[in-house]
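The values are calculated or read from the model by the stated rules, or taken from the named source; none is laboratory data. Nothing here was measured: the structure is a model prediction, and the numbers come from that model. Using ideal geometry, Cβ is built from the backbone for each residue, glycine included, and neighbour counts are taken over all protein chains shown.
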């Protein structure tokens, strides 16, 4: 299954006293989002996005690093009800331009420009 892209929406924080489905359905909202630009962003409570990429040779890249002049926007979010054997989910359309840096820290960055993506995010917060 390589090459492959992934999108991480950070950071979900839910407790059992919350209305978990409502929280899930309102976490990803339309508009501009921030990239996680350092590893400290990954452990914070900030709502950020990380783009992941694994090339055909298994080399891993991510958007964690400087993103000067780059942006990511969630264009639309559509709720998809649960079905047989499938949890409720969100259909998310986003556009972005970014640099992807080798996860190992060595090697050249990859530049992505004017990317459009549609993805499904399944509610696994139960």
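Residue by residue through the range 13-53, note down the ones that are part of a loop (DSSP other than H, G, I, E, B), closer than 28 Å to residue 111 by Cα and in contact (Cβ under 8 Å) with a residue 12 or more places away in the chain. Reasoning before the result, please.
So in the range 13-53, the residues part of a loop (DSSP other than H, G, I, E, B) come out as 13-19, 28-30, 36-38, 43-47.
Within this subset, residues satisfying the condition of being closer than 28 Å to residue 111 by Cα are 28-30, 36-38, 43-47.
The answer is 28, 29, 30, 36, 37, 38, 44, 45, 46, 47.
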Check your understanding: Considering the range 61-82 alone, what residues qualify as being in a loop (DSSP other than H, G, I, E, B) and touching a helix residue (DSSP H, G or I) at 6+ places or on another chain (Cβ under 8 Å)?
Key -> 64
Revision key, fill the gap. When (1) without any contact (Cβ under 8 Å) to a residue 40 or more places away in the chain; (2) loosely packed, with under 15 Cβ neighbours inside 10 Å; (3) in contact with a strand residue (DSSP E or B) (Cβ under 9 Å, 6 or more places away or on another chain) are applied to residue 93, the one that fails is (2)
Practice item. Go over the candidates 44, 76 one by one and state the one that is over 22 Å from residue 1 (Cα atoms), surrounded by fewer than 15 Cβ atoms within 10 Å (Cβ to Cβ) and modelled with pLDDT of 95 or more. Key: 76
